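Before any comments, here is the structure.
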Amino acid sequence: MPTISLIVATYNWPEALNVCLLSIKHQTVFPCEVIIADDGSTPVTKSLIDSYKKTFPVPLIHVWHEDNGFRKSLILNKGVLKASGDYIVQIDGDVILDKHFITDHLSVAEKGFFVRGTRAHIRKDRVGRVLKQGLINLNYFSPGLMHRFNALRIPKLAFLIEMKASSSDRVRGSNLAFWRSDFILVNGYDNDLTGWGHEDEELAARFINNGIWKKSVKFKCVQYHLYHTERSYSQKAFHVSAVDNTRQKSLKACTNGIAQS
């Protein structure tokens, strides 16, 4: 059974990170460590993490760099460099995890594959209450959910809709898992992708080009995403072209990735 490092990407939303960490603290099985990949948050986030360190069941590691624009790819690479586990589960700091989330990811980990999970969404009008009350025991029947089907956890039936494919489409870093050795092989995230979006699909395309296929899972690895306004799309065209370039040229590694971080 692999050792899991859980990497949590965050930026200046400590209220969301609080419920995320609370849900990690209540997992039925813990990762070997939790690494917060912080893209330049203010000291409020550091104070929150420091307060959790006192009672957290596993090492809680804060990896931070200066706020110099959207550099999620770079901070995730820095996070993986700090990881000691042989398997990486990556989430965003604005999600709440089902208590079996790590258990489920352990059950679907397989050599030669990376795992793409899904998420239910917590509606805008429900987010305030969830944050204020620390509501983490969510399920399919919880009020205020969108994409409710993604909140179903039925482990014994998960195999029925598990899909394996050589496709990097619809990969999202909010619920993503991969072998650390595979990540190193493709040189991690592309640090040149400095805006919002598609950095995860570009990474996935390089996995595919190396013969590492996507495993899509449902009824397991359940998480709930807190509504928020989206970041700037100013770099979207460049990122989409980067994904297309990686696919068309069958690139197996990027030139500015984890080795250059």
Number of the exception - ARG172 against (1) under 30 Å from ASN77 (Cβ atoms); (2) touching a residue at least 60 places away in the same chain (Cβ under 8 Å); (3) in a loop (DSSP other than H, G, I, E, B) = (2)
Answer yes if at least one residue in region 194-208 is surrounded by fewer than 19 Cβ atoms within 10 Å (Cβ to Cβ), at pLDDT 95 or above and not in a strand (DSSP E or B), and no otherwise.
-> no
Of all residues in region 127-153, which are touching a residue at least 60 places away in the same chain (Cβ under 8 Å) and under 20 Å from LEU17 (Cβ atoms)?
-> VAL127, VAL130, LEU131, GLY134, LEU135, ILE136, LEU138
Given (1) surrounded by fewer than 18 Cβ atoms within 10 Å (Cβ to Cβ); (2) under 20 Å from ARG153 (Cα atoms), where does ALA109 come up short, assuming only one miss?
-> (1)
In region 23-52, what residues are under 20 Å from TYR224 (Cα atoms) and small (Gly, Ala, Ser)?
-> SER23, ALA37
Only one residue in ILE88, ILE75 is crowded, with 16+ Cβ neighbours inside 10 Å, part of a helix (DSSP H, G or I) and either within 14 Å of the chain's Cα centre (by Cα) or among the hydroxyl-bearing types (Ser, Thr, Tyr) (or both). Which one?
-> ILE75
For region 112-126, how many residues are assigned to a helix (DSSP H, G or I) and crowded, with 18+ Cβ neighbours inside 10 Å?
-> 1
All-but-one check, LEU160 against (1) in a loop (DSSP other than H, G, I, E, B); (2) at pLDDT below 95, failing number (1)
Restricting attention to region 6-54, the residues that are over 19 Å from HIS100 (Cα atoms), in a loop (DSSP other than H, G, I, E, B), touching a residue at least 12 places away in the same chain (Cβ under 8 Å) and over 17 Å from the mean Cα position of the chain (by Cα) number exactly 3
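One line per residue, one yes/no per condition, for (1) modelled with pLDDT of 95 or more; (2) farther than 25 Å from SER5 by Cα; (3) out of contact with any Phe, Trp or Tyr (no Cβ under 8 Å at 6 or more places or on another chain); (4) part of a helix (DSSP H, G or I):
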residue: ALA177; (1), (2), (3), (4): yes, no, no, no
residue: ASN191; (1), (2), (3), (4): yes, no, yes, no
residue: LYS220; (1), (2), (3), (4): yes, no, yes, no
residue: TYR224; (1), (2), (3), (4): yes, no, yes, no
residue: GLU230; (1), (2), (3), (4): no, yes, no, no
residue: TYR233; (1), (2), (3), (4): no, yes, no, no
Report, by residue number, each residue of region 18-48 that is under 11 Å from VAL8 (Cα atoms) and among the hydrophobic types (A, V, I, L, M, F, W, C).
-> CYS20, LEU21, ILE24, VAL34, ILE35, ILE36, ALA37
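Can you tell which of ASN187, ASN175, ASN191 is buried (at least 19 other Cβ atoms within 10 Å of the Cβ), under 24 Å from SER84 (Cα atoms) and in contact with a Leu (Cβ under 7 Å, 6 or more places away or on another chain)? Please lay out each step first, then the result.
Details: ASN187 fails: in contact with a Leu (Cβ under 7 Å, 6 or more places away or on another chain); ASN175 fails: in contact with a Leu (Cβ under 7 Å, 6 or more places away or on another chain).
Only one candidate qualifies: ASN191.
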Single residue of HIS198, HIS225 found to be out of contact with any strand residue (DSSP E or B) (no Cβ under 7 Å at 6 or more places or on another chain) and either among the acidic types (Asp, Glu) or within 30 Å of ASP125 (Cβ to Cβ) (or both) = HIS198
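The values are calculated or read from the model by the stated rules, or taken from the named source; none is laboratory data. These numbers come from a predicted model, not from an experiment. Please note: Cβ atoms are built from the backbone with ideal geometry, for glycine as well, and neighbour counts cover all protein chains shown.
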